[in-house]
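J.: Take a look at this one; I'll ask things after.
Values in this text are rule-based calculations from the coordinates and carry no lab data. Owing to the predicted nature of the structure, the values given are computational and were not obtained by experimental measurement. Don't worry about glycine lacking a Cβ; one is built from the backbone with ideal geometry, like all the others, and counts go over all protein chains shown.
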Amino acid sequence: MDRSTTAPRLMIVSDLDHTMVDHHDPENLSLLMFNALWEAKYRQDSLLVFSTGRSLTLYKELRKEKPMLTPDITIMSVGTEITYGNLMVPDDGWVEILNQKWDKKIVLEEASKYPELTLQPETEQRPHKVSFYVQKDKAQEVTKALSECFINHGLDVKIIYSGGIDLDILPQGAGKGQALAYLLKKLNDEGKLPKNTLACGDSGNDAELFSIPEVYGVMVSNAQEELLQWHAVNAKGNPNIIHASERCAGGIIQAIGHFSLGPNISPRDIIDLSDNNLEKFDPAYEVVKFYLFLERWRRAEAENSEIYLSNLKAVCGPCGYFVHPSGFEKPLRDCVDALRRCYGDNRGKQFRVWVDQVFYSQVGSETWIVRFKKWELFEYLSGDTWGIPSALIVYRKSF
Ligand code: GLC
Ligand code: MG
């Protein structure tokens, strides 16, 4: 599809911490499962939106620590900052809306009078977001007192409690839900309203996402008490919102299946990755499978067998080739032959490979160009992720 003119098939709007990203899984398995599914089956014609409480500074930190994909749209600082594309171009229209009835100085001044509130780090204080920490047992009381105080000052603000610790003060028109509503309207005006939208979250600041009409919702199994309570009071019995039985990204995949939004089997669930179906050739799927195979091969999780290599070569076609961003080119079949040298070189290590932003176009009756980024996570590089900016694979079934 031409992404600039066609309506996306699915838009996933997901929170990051404890939703897309499982901080209790050092192996990042559910995230890697989601990544493979998204790139193989959705990236080409769907939209991935990350909606996080983090500022750009902390978002970038997370991206260094965890094997994450690049979203099409990034909503940061609890729905107060919307940016588009790899260059993260800010939405100035949204900023203008948020400026209405907002006076950050008064908010800070008044809130500082409450000793129960501890200011969060400077990076998390944003033009339309003032953030504190507050203990669970004090949260309700302080929130009530604060809202009365702001009403008295004629300020129309929103106070959100998340994760049993964070308290954010935002303009009334801000928040993850309002940002999503704004985005949906914008896409609709451009004739690109997604056919389906799925919102995913785990904590208080995600609640708003689940009250936007026509949007499916998943609260992951590990959702926080404050979100479950909100759901019990406000959305119980709404069949479009589920509480998944799977944690984090596993819950997102579960919701895709539950609401029948499209394929929900991750290529990481497939045991024989060299298995190929040349009749139903799908270039994005092939690239995902190829790099997944590489990961298993180097971790010595795939059997060291010539059959796998010859099956892989069959998919590549005699004339397919790989183009490195440096301009260096290599026939795909030679790339497969080169695998023999690295079998098991990451055995027992935390080595992961995932591809990102896989886009393809068919340029001939049997020729496809696939453009993508490849990332690797190595244990000995203190968990940092490394990406090749962009690479191309040209598949040619025959010539
Ligand atoms: C993220 C932000 C923090 C915010 C919290 C809840 O952790 O860094 O500032 O309070 O999300 O929205
Ligand atoms: Mg979260």
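J.: Remind me, relative contact order of the chain in percent, using alpha carbon pairs under 8 angstrom and six or more residues apart?
T.: 17 percent
J.: Treat the count of other C-beta atoms within 10 Å as a stand-in for reagent exposure and order THR143, THR197, THR118 from fewest to most.
T.: Exposure proxy ranking, most exposed first: THR118, THR143, THR197.
J.: In debye, nearest 20, what is the charge dipole magnitude of the range 43-173 about its Cα centre with +1 on Lys and Arg Cβ and -1 on Asp and Glu Cβ, if you could check?
T.: My answer is approximately 280 debye.
J.: Note the direction-averaged projected area, equal to a quarter of the hull surface, for the Cα convex hull of the range 101-171, in nm².
T.: Projected area, direction-averaged: 4.2 nm².
J.: Return GLU27, GLU122, GLU116 ranked ascending by Cβ neighbour count within 10 Å, so the fewest neighbours appear first.
T.: GLU122, GLU27, GLU116
J.: Same structure, new question: With point charges of +1 on the Cβ of Lys and Arg and -1 on the Cβ of Asp and Glu, referenced to the Cα centre of the range 248-372, which listed residue (GLN362, VAL323, GLN350) lies farthest in the positive direction of the dipole?
T.: GLN350
J.: Put +1 on the Cβ of each Lys and Arg and -1 on the Cβ of each Asp and Glu in the range 203-350; which of HIS243, TYR285, ALA255 then has its Cα farthest toward the positive end of the dipole?
T.: TYR285
J.: Could you line up SER77, SER221 from fewest to most neighbouring Cβ atoms inside 10 Å?
T.: In order of increasing Cβ crowding within 10 Å: SER221, SER77.
J.: Semi-axes of the equivalent ellipsoid of the range 228-304: what are they in whole Å, largest first, if each equals the square root of 5 times a C-alpha gyration tensor eigenvalue?
T.: Its equivalent ellipsoid spans semi-axes of 36, 16, 8 Å.
J.: Suppose every K and R has +1 on its Cβ and every D and E has -1 on its Cβ; what is the size of the dipole of the range 101-171 about the Cα centre, in Debye to the nearest 20?
T.: Once rounded to the nearest 20, the dipole reads 140 debye.
J.: Can you give the charge dipole size of the range 214-335 about its Cα centre, rounded to the nearest 20 debye, using +1 on the beta carbon of Lys and Arg and -1 on the beta carbon of Asp and Glu?
T.: 120 debye
J.: As a test, work out the antiparallel percent of DSSP beta bridges whose residues both lie in the chain, rounded to the nearest 5.
T.: That works out to approximately 70 percent antiparallel.
J.: Additional query: Counting residues in the chain as N, plug N into 2.2 N^0.38 Å and put the Cα Rg over that result.
T.: Taking the Cα Rg and dividing by 2.2 N^0.38 Å, one obtains 1.07.
J.: Something else: Starting from the range 1-54, pick out the trypsin sites (Lys or Arg not before Pro) whose DSSP state is loop and whose Cβ has at most 14 other Cβ atoms within 10 Å.
T.: ARG3
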